[in-house]
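Scroll down for the structure; my scribbles are underneath it.
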Amino acid sequence: MVKRALDLWWVKRPHLFMSNRTVKIALWNKDPRCHWCKRPTILTNLPYIKGSPDPRMATIDHVVSRYHAQRWVKKQPREKRRVLACYECNHNRSTQETLNIPREEIMKRSQGFSLSPKGKPKIIKPVATIDEALKKLNSSK
Ligand SMILES: [Zn+2]
């Protein structure tokens, strides 16, 4: 009885438990094609990657990169920030982007969220506006 009630509670509030994998499966079920190249992706269930992953492997890509201050601004109610992308597109996008930005700029811009406290993130929680995000990222503290 208790278990059933709990299951229902969970089913009604999936957003509270959306892990990256859950998000990926939800996106994949809606449309298994890559957001960028439109080729179908493959949903894999690997606990870790052995060797080079399949280029068609489904991954979650962030529309707004971590180098962009917009990433640290609170989402609009219906804004989509995560999309399904094949491993190849996701990987190429991040590699290209990093290559196109000078190193000091990368160091400066990636000081938003960080899972490691050693990264000394300047922004811990999403802020309301892009101005606020820029102000924090540019402050020397
Ligand atoms: Zn792709």
Selection from the stretch 34-59 of residues that are at pLDDT 90 or above and either β-branched (Val, Ile, Thr) or over 12 Å from Tyr87 (Cα atoms) (or both): Lys38, Thr41, Ile42, Thr59
Return the residues of the stretch 95-120 that are within 17 Å of the chain's Cα centre (by Cα), closer than 14 Å to Ala69 by Cβ and at pLDDT 65 or above; say none if nothing qualifies. Arg109, Ser110
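The values are calculated or read from the model by the stated rules, or taken from the named source; none is laboratory data. If you're wondering where the values come from, they're calculated on a predicted model, not measured in any experiment. For neighbour counting, all protein chains shown are included, and Cβ atoms are generated from backbone atoms with ideal geometry for every residue, glycine included.
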